[in-house]
Amino acid sequence: MLIKEASWISLKQAASTVVPVFRRQFRCGKPVRSAELEVTCDGVYEAVLNGRRVGDFILAPGWTEYRKRLQVQAYDVKELLTQNNTLEITVANGWYRRTNAPWTGTQNPDEFLPAMLIAALRLVFQDGSETTILTDGSWEASQSDVTLSGIFLGEDVDRTRVPAFEPAAVCDYPKDMLIPQEGPEVREQETVFPRASFRTPRGEWVIDFGQNLTGYMAFEVDARAGERLSVSTAEVLDRDGNFYTANYRSARSQLHYVCREGHQAYKPRFTFFGFRYLRIDEAPAGFTADHIRAVVLHSQMRRTGWLSGSDPMLNQLFSNILWSQKGNYLDIPTDCPQRDERYGWTGDGQIFCRTAAYQFDVRQFFRKWLADVRAAQHENGWVPEVVPSLTAYKLGGAAWSDAVTIIPWQLYQTYGDISFLADMYDAMTRWIAYIASVSTTENLWTGCWTYGDWLALDAPEDYRPATIELAKRGYSDDDLISSAFYANSVDIVIRAGTLLGRDVSAYQALYTRIAAAYRERFGGRLNTQTEKVLTLHFNLTDRPQALADALAAQIIACGTRLQTGLLGTPYLLHELCRYGYAELAWSLLLRKEYPGWLYPVSKGATTMWEHWDGIKPDGSFWDDDMNSYNHYAYGSVGDWVFGVACGIRPAEPGFASVRIAPKPDARAGSLCAVLDTAHGRIRSFWKYTDEGIRYEIDTPVPAEIVIGEKSVRVPAGRYLFGQ
């Protein structure tokens, strides 16, 4: 890369919070054949050439394991050139220098990184000659019109500010971590118009966009110099209808804009927000809701899956799942887009991965993120629970760090691309070795930290844990959970290694020992729903039907309610249907009361909630501290709707052949799933009619179609069935 010949530059003696703009002016005195700009920074940047934005990548260069991997973008800028040119690149804090970065609060001033830029422009002329422009001491730098910017802060802008350029400072900073762009770009995807504008009981002016989303506001207005537009963001209103931001915790999430004279348009350039509502705290004279829009951001991904039915509440649930994926697939798979977190939690990532791969083509999205997982893995094999590992809370444990095995295997199943397994195999085996090195029991995984069945609802009424954190982990046995995921990861290593031609005999022997030890220690005391579900799903019982019968009885006994948390819920409906309890699975899905997937829908949710009762029946909130309203984990039920309710599953990796075995339910009326694969479009539709159930199946590949108890094998084609 030419950029490695350039130097890092900064604004002299600038504080780490300053948002500088760097400038280079140059002439093109003869016709240009090609012009390519390479650029990156220690934050996020916007490049402008002759007043026109370079590229469509929002929040470039994205978020990676920065100490080892920093992406460089390459842009074709030929069409932006003139004879006299001005290239300006503004650099804000972004993820690299976010407020909770490891060096925040350090006593070592050398670790307070200023905003730095590195760039290279290669011009090739029609006569074959060429010239290069590299960042160095010939560039100029100034404070920009952005006076404050941060992922959690929002953005403050003063359009009356006049830059005062001075020579840039050359910095001694490494370049060995620079890599070409790997992930899909974050781009503007949709524009949402206000649905309503009103005054709250407190007199606040609030604009409702009707959809909880991830992105930013954009406005256009005529104003006098010095007038201000100040906007705050929120996901929900409180029970009295007032603006509510306590669940954002320390994230300020505001825009403060000082106007210049005349007509102007603006949208934040270096941050993003999670919001449905905007509060207009201050505005220029004549400003109305018609002057503002919401712009949706997410990584560039091709839509591949669609769900629809005759039940409007189910359709809203499907929409909520989709919007939560869009809102949290912003360069990395985050847990939430609004509060002072927005991390790449590995547990949430693997929980939702199968649903994600039904709805969008996520190959490149995960290829880039899995490279960061490999980079974040420690020498001893430990995988952090958050990747990129800017902040790590505790040693990653069961189901979180197991993303290193689960996600590559799922991507191979969905896309048939064995390179996912080849790329990750060594990381998988190192993770298995780490588990064995830290467990307190041979052939099991015990005695180690885990988040458990996070947010499970199965604790007895008299359960009084020592801390609120323990209460959030559910009542399932941590050692059982860890050991079940240990067995699953070893099983994946065996299957992946076999496909890759590796010797897996040692792992086969290990798996046999784990399964036997698991049955001996846990088989006779499976108490919670999640303990039963995991034992079934990972095939760790020799009496699966009896265990499934006990699971169904337990669910019915507590009022046909699920009590599972993040780890049990993704597999719950699958295991019920696998062992003959499809009607019960549908009862759980269609439950409108707390806890259930349709309860948030009944409360007006437009994305998935972190808690089943994020808003309680009386309108109060579950909690202020940990209560996201855009949290996709429980949206993992989408893969059950695609794969079981509509029955679309790969019979061979990549859907080279399929098994379509729908599980209809009269209460849903009708249901349709459409899936675009590498081999063409699959459609599975069923509908209850006066004559019975009508099925319509389209398959572009050979298929086994299972209708009720009957199974037929068919070539590619369109098929109708009645039952």
If you stretched the chain out fully between Met1 and Met177, how much longer would it get, using 0.36 nm times the residue separation minus the C-alpha to C-alpha distance?
62.2 nm
3J(HN,Hα) from dihedral phi, the stretch 213-226, Karplus parametrisation 6.51/-1.76/1.60, rounded to Hz, x for glycine, proline:
8, 10, x, 7, 8, 9, 9, 9, 7, 9, 8, 8, 4, x
Of Lys78/Lys368; Lys68/Lys368; Lys68/Lys472; Lys472/Lys603; Lys175/Lys368; Lys616/Lys687, which pairs sit farther than 25 Å apart, going by alpha carbon to alpha carbon?
Lys78/Lys368; Lys68/Lys472; Lys616/Lys687
Rg and Dmax of the chain, Cα atoms only, in Å:
27.0, 83
Under Karplus coefficients 6.51, -1.76 and 1.60, residue-wise ³J(HN,Hα) of the stretch 236-250 in Hz, glycine/proline x:
9, 9, 6, 5, 8, x, 9, 5, 9, 10, 4, 6, 6, 6, 8
Dimensionless Rg/Rh of the stretch 658-722, both radii on Cα and Rh by Kirkwood, sits at 0.96
The long-range amide H neighbours of Ile707, using H built 1.01 Å from N in the peptide plane and a cut-off of under 5 Å, are Val712
Between Phe125 and His263, what is the spin-label point distance in nm, taking each point 7 Å from the Cα along the Cα→C-beta axis?
4.0 nm
Give the whole-number value, in cubic angstrom per residue, of the convex hull volume spanned by the C-alpha atoms of the stretch 412-543.
133 Å³
In deg cm²/dmol, rounded to the nearest 500, the helical mean residue ellipticity at 222 nm of the chain, built from -39500 (n - 2.57) for every DSSP H run of length 4 or more, is -7500 deg cm²/dmol
If I take R0 = 30 Å and measure r between the Cβ atoms of His378 and Lys12 in this structure, what FRET efficiency does the formula 1/(1 + (r/R0)^6) give, to the nearest 0.05?
0.20
Assigned charges on the beta-carbon of Lys, Arg, Asp, Glu; the chain dipole about Cα centre (debye):
1040 debye
Quote the Stokes-Einstein diffusion coefficient, in whole µm² s⁻¹, for the stretch 243-367, based on the Kirkwood radius over alpha carbon pairs, a temperature of 10 °C and a viscosity of 1.306 mPa s.
92 µm²/s
Give me the distance in nm between label points sitting 7 Å out from Cα along the Cα-to-Cβ direction at Glu593 and Thr191, one decimal.
4.6 nm
Using only Cα positions of the stretch 305-645, each an equal point scatterer, no hydration layer, compute I(q)/I(0) via Debye at q = 0.07, 0.14, 0.15 Å⁻¹ and quote the log10 values to two decimals.
-0.26, -1.18, -1.39
So how much slack lies between Thr147 and Arg649, counting 0.36 nm per residue of separation and subtracting their Cα-Cα distance, in nm?
175.5 nm
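Taking neighbour counts of Cβ atoms within 10 Å as a proxy for exposure, in what order, fewest first, do Thr606, Thr214, Thr191 appear? Write out the running numbers ahead of the final one.
Values: Thr606 20, Thr214 29, Thr191 11.
Ranked by crowding around the Cβ, least crowded first: Thr191, Thr606, Thr214.
Tell me the relative contact order for the chain as a rounded percent, counting alpha carbon contacts under 8 Å between residues six or more apart.
It comes to 11 percent, rounded to a whole number.
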Diffing the stretch 685-699: the Karplus 3J(HN,Hα) column from phi (6.51, -1.76, 1.60, θ = phi - 60°), in whole Hz with x for Gly and Pro, holds 10, 9, 8, 7, 10, 4, 8, x, 10, 9, 10, 10, 10, 10, 9
For Asp623 and Arg502, compute 0.36 nm times the residue count separating them, minus their Cα-Cα distance, and round to one decimal in nm.
38.6 nm
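Every read-out reported here was derived from the displayed coordinates using simple, explicitly stated rules and does not represent laboratory data. All values derive from a computational prediction rather than experimental measurement. In this analysis, Cβ positions are derived from the backbone assuming ideal geometry, glycine residues included, and neighbour counts consider all displayed protein chains.
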